[in-house]
Amino acid sequence: MSALQAFRLFLEVVGGLMIIFSLTLSIWAIISWSMGIFPLFLRLGFGRWSRKIKIAANGDVYKSLEDDMKNTGIFRKGNIEQITSNSLAKIEEAGLVLVHYPSFTEEEIKRMVSLKKSSAGFIFYFPEFNPPTNVIPTEILKVINNEPFTTVVNFRGRLMNDIVTTLLSTSYDKR
């Protein structure tokens, strides 16, 4: 065997090993990525398909928020339900609730929070911008803050983002 043939054989062996190493590394990267991102897509898919969102608001505000939800395409019309002052008990069965804060009294807000399941998401929508008369009292903010999966939102654009984030956060079933 000449030196040229030996060198060629060396390159073929090293090249073959590099191909095997590259393929193994690529497969590992794809599996790792899939295990990281696939559960999020699965949660979002199941959440979008089967989760019901309850909108706690009165009259025209409910209709406006429902239209916003339908226009995003995130929720199907049949998955959106209204909660009013007369039907606060429905909160116990809810997995995700959007609360229009000005539609309810402080006592009703406290009752809603007390009825909330610990695994349920609550988004309080407070679109009032005339301080100091229209602010959420500190006592109520503390009650809201002491519950898991709760947030207070002032802007509609941010509202949809927080709904999706809460949907992902609360749709995980521990095994």
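A few notes on this one:
- As a summary of the residue check, Glu147 satisfies the conditions (1) modelled with pLDDT under 90; (2) in contact with a strand residue (DSSP E or B) (Cβ under 8 Å, 6 or more places away or on another chain) except for the one numbered (1).
- Against the list (1) basic (Lys, Arg); (2) touching a helix residue (DSSP H, G or I) at 6+ places or on another chain (Cβ under 6 Å); (3) at pLDDT 90 or above, the condition Lys52 fails is (3).
- Filter pass, Thr165 being under 20 Å from Arg43 (Cβ atoms), in a strand (DSSP E or B) and out of contact with any Phe, Trp or Tyr (no Cβ under 6 Å at 6 or more places or on another chain): no
- Within the option set Ile20, Ile55, Ile30, Ile37, being among the aliphatic types (A, V, I, L, M) and under 28 Å from Thr105 (Cα atoms) holds for one residue only, Ile55.
- Test: residue in segment 153-164 that is touching a Gly at 6+ places or on another chain (Cβ under 9 Å), modelled with pLDDT under 85 and either aliphatic (A, V, I, L, M) or surrounded by 14 or more Cβ atoms within 10 Å (Cβ to Cβ) (or both): yes
- When Gly59, Gly78, Gly16 are screened for being under 23 Å from the mean Cα position of the chain (by Cα) and either closer than 21 Å to Asp162 by Cβ or not polar (S, T, N, Q) (or both), only Gly78 passes.
- Qualifying residue in segment 68-75 (condition: among the basic types (Lys, Arg), surrounded by 14 or more Cβ atoms within 10 Å (Cβ to Cβ) and under 25 Å from the mean Cα position of the chain (by Cα)): yes
- The set of residues in segment 73-94 being in contact with a strand residue (DSSP E or B) (Cβ under 7 Å, 6 or more places away or on another chain) and not acidic (Asp, Glu) consists of Phe75, Asn79, Ile80, Gln82, Ile83, Lys90, Ile91, Ala94.
- As a summary of the residue check, Leu65 satisfies the conditions (1) under 14 Å from Asn79 (Cα atoms); (2) surrounded by 14 or more Cβ atoms within 10 Å (Cβ to Cβ); (3) under 14 Å from the mean Cα position of the chain (by Cα) except for the one numbered (3).
The values are calculated or read from the model by the stated rules, or taken from the named source; none is laboratory data. Because the structure is predicted, anything quoted here is derived from the model rather than measured. Note: ideal-geometry Cβ built from the backbone for every residue, glycine included; neighbour counts use all protein chains shown.
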